[in-house]
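One structure coming up, written as structure tokens, with questions to follow.
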Amino acid sequence: MSAADYTQTELIVCAAAKMLAAKHTVFAGIGLPTLAVDLAKQTVNPDVELVYESGVAGAHPEAMAEGIADSVVVSGAEAVVSMQALFGYVLQGGKIDVGFLGAAQIDRYGSLNTTVIGDWRKPQVRLPGSGGATDIMANSKEVFVIIRRHDLAAFPETVDFVTSPSPYRARQSGKGIQPQGHGVSAVITPLGVMRRPERYGELELTHLHPGVELDDVLANTGWDLAVSNDLQVTSEPTAHEVHLLRDVIDTVRLYLR
């Protein structure tokens, strides 16, 4: 497809969906992660098992979920349990391959901020907070993050508040039970894709989106971003993927912009 045939949102959602090709269980967040898992289920991984924070495991939604307690995620699900059981036995039990999250800020080691922008005592913006993200970060085998912005505010040297600490940050604190998961392994942004191959390592740029220059990414990242020796260009969405997103999945344009 040409650049005029898909939007930036469709590009990053398609890139995220392809990453789910070989994954078994996905803890699906609401928003762009919803689009990505729905698209993956209709393309690269029809057997992926979807888990939602409200207590739904093995979801088979007949339409796009508009919230974690939407009735479409309950109908036909393999199981509906209490949130305590879901977090205690499924998530903390190490049964989740991928936790799929959004974030307002991300640092070089993959710690996430979804709490406040600015000073904690007098924030510029107060955000929704953790929800289940802290547990998802700590207990999923790995975490994917999809974000609509790539600028110095979203990728600062140090996040304004650590809502979901990376394994690096958790080890650095020396307090509490250490997370069992890898933490953030992939970040999909409007400019490219970052990966974090080492559990205690930093993010590195592995893909540039079509038409994006490397200098644009480096200038909009708040630290000296590592760049892969095998830097690639992200595959463009296919006409079929765009059709599914627009005409089958998000027909009301709740998340597509």
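The values are calculated or read from the model by the stated rules, or taken from the named source; none is laboratory data. Since the structure is predicted, the reported quantities are computational estimates derived from the model, not experimental observations. Here Cβ is always computed from backbone atoms with ideal geometry, including for glycine, and neighbour counts include all displayed protein chains.
I'm trying to understand the selection: among the residues of the range 124-155, which are part of a strand (DSSP E or B) and closer than 22 Å to Met194 by Cβ?
If we filter the range 124-155 for residues that are part of a strand (DSSP E or B), which is where we start, we get 124-126, 142-146.
Within the range 124-155, Glu142, Val143, Phe144, Val145, Ile146 meet the criteria.
Only strands (runs of 3 or more DSSP E) wholly contained in the range 190-243 count here; list those with 3 or more residues that are under 16 Å from Asp151 (Cα atoms) and touching a residue at least 12 places away in the same chain (Cβ under 8 Å).
192-195, 204-208
A further question follows. Report the residue count in the range 200-225 for those that are surrounded by 15 or more Cβ atoms within 10 Å (Cβ to Cβ) and either closer than 24 Å to Asp160 by Cβ or polar (S, T, N, Q) (or both).
Residues flagged as surrounded by 15 or more Cβ atoms within 10 Å (Cβ to Cβ) and either closer than 24 Å to Asp160 by Cβ or polar (S, T, N, Q) (or both) within the range 200-225 amount to 14.
Oh, and also: Does the range 33-41 contain at least one residue that is assigned to a helix (DSSP H, G or I) and either more than 23 Å from Ile147 (Cβ to Cβ) or touching a Gly at 6+ places or on another chain (Cβ under 7 Å) (or both)?
Yes, the range 33-41 contains a residue that is assigned to a helix (DSSP H, G or I) and either more than 23 Å from Ile147 (Cβ to Cβ) or touching a Gly at 6+ places or on another chain (Cβ under 7 Å) (or both).
For the structure I just gave you, tell me whether Gln232 is surrounded by fewer than 17 Cβ atoms within 10 Å (Cβ to Cβ) and out of contact with any Leu (no Cβ under 9 Å at 6 or more places or on another chain).
Numbers: surrounded by fewer than 17 Cβ atoms within 10 Å (Cβ to Cβ): yes; out of contact with any Leu (no Cβ under 9 Å at 6 or more places or on another chain): no.
So Gln232 fails the test.
Can you find, within the range 54-68, the residue that is farthest from Ile249 (Cα to Cα) among those that are out of contact with any Gly (no Cβ under 9 Å at 6 or more places or on another chain) and part of a loop (DSSP other than H, G, I, E, B)?
Among those that are out of contact with any Gly (no Cβ under 9 Å at 6 or more places or on another chain) and part of a loop (DSSP other than H, G, I, E, B), it is Gly55.
A further question on this structure: So which of Glu66, Glu78 is closer than 30 Å to Gln124 by Cα and acidic (Asp, Glu)? Please lay out each step first, then the result.
On the way: Glu78 fails: closer than 30 Å to Gln124 by Cα.
Sole residue among the options that is closer than 30 Å to Gln124 by Cα and acidic (Asp, Glu): Glu66.
Cβ contacts < 7 Å: first residue closer than 11 Å to Gly99 by Cβ, restricted to the range 167-186; second residue hydroxyl-bearing (Ser, Thr, Tyr) and surrounded by 20 or more Cβ atoms within 10 Å (Cβ to Cβ), any location; separation 6+ or different chain. Result?
Pairs that qualify, where the first residue is closer than 11 Å to Gly99 by Cβ and the partner is hydroxyl-bearing (Ser, Thr, Tyr) and surrounded by 20 or more Cβ atoms within 10 Å (Cβ to Cβ), are Gly181/Ser140; Gly183/Ser166; Val184/Ser166.
Also: Determine if the range 244-255 includes at least one residue that is within 17 Å of the chain's Cα centre (by Cα), crowded, with 21+ Cβ neighbours inside 10 Å and not in a loop (DSSP other than H, G, I, E, B).
Checking the range 244-255: not a single residue is within 17 Å of the chain's Cα centre (by Cα), crowded, with 21+ Cβ neighbours inside 10 Å and not in a loop (DSSP other than H, G, I, E, B).
Is there a residue in the range 108-123 that is farther than 29 Å from Leu231 by Cβ, free of Cβ contacts under 8 Å to residues at least 40 places away in the same chain and in a loop (DSSP other than H, G, I, E, B)?
There is at least one residue in the range 108-123 that is farther than 29 Å from Leu231 by Cβ, free of Cβ contacts under 8 Å to residues at least 40 places away in the same chain and in a loop (DSSP other than H, G, I, E, B).
Identify the residue in the range 63-108 that is closer than 14 Å to Thr25 by Cβ and of a type in the set (Asp, Glu) and, among all such residues, is surrounded by the fewest Cβ atoms within 10 Å (Cβ to Cβ).
Result: Glu78.
Test Val159 against the stated conditions and say whether it is modelled with pLDDT of 95 or more and among the hydrophobic types (A, V, I, L, M, F, W, C). Even if it seems obvious, please write down each step before you answer.
Working: modelled with pLDDT of 95 or more: yes; among the hydrophobic types (A, V, I, L, M, F, W, C): yes.
It is true that Val159 is modelled with pLDDT of 95 or more and among the hydrophobic types (A, V, I, L, M, F, W, C).
Could you list, in sequence order, the residues of the range 74-91 that are within 23 Å of Gly181 (Cβ to Cβ) and in a helix (DSSP H, G or I)?
Result: Met83, Gln84, Ala85, Leu86, Phe87, Gly88, Tyr89, Val90, Leu91.
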